[in-house]
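Worksheet: the structure to be examined is printed underneath.
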Amino acid sequence: MSTDPELFDCIVIGAGVQGSFTAYTLAKRGKRTLLLEQFVLPHTRGSSHGQTRIIRKAYTQDFYTHMMEECYQLWAELEKEAGVKLYRQTGLLVMGPENSESFLQIKGTLQRCKAPTVSLSQEDFSSHIPHMRLAPGDGAIVDVSAGVLYADRALKTAQDLFQEARGVLRDQEKVVDVQPGPIVTVTTSAKSYRAHSLVITAGPWANRVLAPTGLQLPLEVVKINVCYWKEKSPGSYHVKNRFPCFLLTEGEEANEHIYGLPSNEYPGLVKICFHMGSPADPDHRDRQTDRSDVDILSRYVTRCVPGLEPEPAIVESCLYTLTPDHHFVLDSHPQHRNIVIGAGFSGHGFKFGPMIGKLLSELSLGEEPSYDLSPFRIRRFQGLSKSAL
Ligand SMILES: Cc1cc2nc3c(=O)[nH]c(=O)nc-3n(C[C@H](O)[C@H](O)[C@H](O)COP(=O)(O)OP(=O)(O)OC[C@H]3O[C@@H](n4cnc5c(N)ncnc54)[C@H](O)[C@@H]3O)c2cc1C
């Protein structure tokens, strides 16, 4: 191990979407930045792998929708800068019991934020979305600017641009220790590095990386079964046939939070997932074999998406890192202000990648963040926390 650790302006731990965008933003701002990743890149063991994610303004809280307004611009700038296509507009169909709280909240947020929308009556629904059934009593509203992000491509783009901006990316270097101080020392499986500030974006491993700093957050890691369903008639749910992304605020069965994306990455297969999973250890993800969510999805597909085979053709795995209120953690460490934490993205953080990069960079440079970060502060967990909040 080196006795002369290298000194950086900032070290970022974890090259998922949030760490990669944070590192890129810092390097673009002229900061000497090191991005550390435990696995060989690219990998499929965290939360940022896979080809697609939904991007949307449809949220129950205005603060996410407001942030998304700028975030769409950041994605467009990134596409231009890199010369790659990262976003495809498909619209997002939001469905749920017409008078339920969450459906009305999403409708209200979209209206207040003046996001373009189209409301579909029960009668309009079948002519606009012929291969899907709207449950009786459900309302349907389309968030028009929503669509698909090409996730793997976006992640690689951020990492490539980071390196073009003279950022140093070291993969296959697991961080094993963090020593706080005015200069933070980070020790990996290979060597030690020092930096004026540290950003921890370690996804499902956040609490393991935080442990030496005396902080543990109330995070729960769950495994998601990522299911792909075969079209009975090829092309009927394809992105080219204007099949939208969709989201159920709640459904016939308890907690039926389901979302789907048009067929795109695997020809003839539509991605439909349950927005919840079962607790998992990120180092032993595949020991979690619960498939009760797949049964719920099968029943939903049979009932409401009859043009698909009711058994998934492919089931892949991904991890969510949940906070108790499902809002992110974007904050400085309570005891060590030059350590910044981005964690608990609770299964909806990808679309915010460039915005999270901007906000975590601002925090790590000691600047006033561009948005009010009070919903994302660590102190909201006081009383719930595991330790040292
Ligand atoms: C099935 C699924 C569907 C989703 N759909 C959507 C969607 O439609 N829209 C949306 O906006 N979001 C969606 N999300 C959520 C989104 O993908 C996540 O919020 C986001 O990817 C979280 O990124 P992250 O960088 O925090 O974590 P990760 O991607 O897990 O990155 C953390 C990185 O840190 C590394 N690391 C950890 N510990 C160490 C260490 N000790 N040393 C070095 N490196 C370390 C890990 O290896 C990993 O690469 C979905 C997530 C899943 C799983």
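Which of the following residues is crowded, with 23+ Cβ neighbours inside 10 Å, under 23 Å from the mean Cα position of the chain (by Cα), among the small types (Gly, Ala, Ser) and within 25 Å of GLU362 (Cβ to Cβ): ALA202, ALA195, ALA146? Criteria check complete, one pass: ALA202. Annotation: of all residues in the stretch 44-64 being of a type in the set (Ser, Thr, Tyr) and more than 7 Å from the ligand (Cβ to nearest atom), the one that is most open to solvent (accessible area, probe 1.4 Å) is THR44. Filtering the stretch 279-293 to residues that are open to solvent by less than 20 Å² (accessible area, probe 1.4 Å) and modelled with pLDDT under 95 leaves only ASP293.
The strands (runs of 3 or more DSSP E) found wholly in the stretch 125-239 and carrying at least 2 residues that are free of Cβ contacts under 8 Å to residues at least 60 places away in the same chain and out of contact with any Ser or Thr (no Cβ under 7 Å at 6 or more places or on another chain) occupy 138-143. Which residues, taken from the stretch 14-43, are open to solvent by 10 Å² or more (accessible area, probe 1.4 Å), more than 6 Å from the ligand (Cβ to nearest atom) and in contact (Cβ under 8 Å) with a residue 24 or more places away in the chain? TYR24, THR25, LYS28, ARG29, LYS31, ARG32, VAL40, LEU41, PRO42, listed by residue number.
Here the stretch 133-160 is the region considered, the condition is being touching a Phe, Trp or Tyr at 6+ places or on another chain (Cβ under 7 Å) and more than 16 Å from the ligand (Cβ to nearest atom), and the residue that is farthest from ALA58 (Cα to Cα) is LEU134. Of all the criteria given as (1) basic (Lys, Arg); (2) open to solvent by 40 Å² or more (accessible area, probe 1.4 Å); (3) within 15 Å of the ligand (Cβ to nearest atom), the one not satisfied by LYS223 is (2).
The values are calculated or read from the model by the stated rules, or taken from the named source; none is laboratory data. Given the structure is predicted, the values throughout are model-derived calculations rather than measurements. Note: ideal-geometry Cβ built from the backbone for every residue, glycine included; neighbour counts use all protein chains shown. Accessible surface areas use protein heavy atoms only, side chains included; no ligands, DNA or RNA. Shrake-Rupley method; radii C 1.70, N 1.55, O 1.52, S 1.80 Å.
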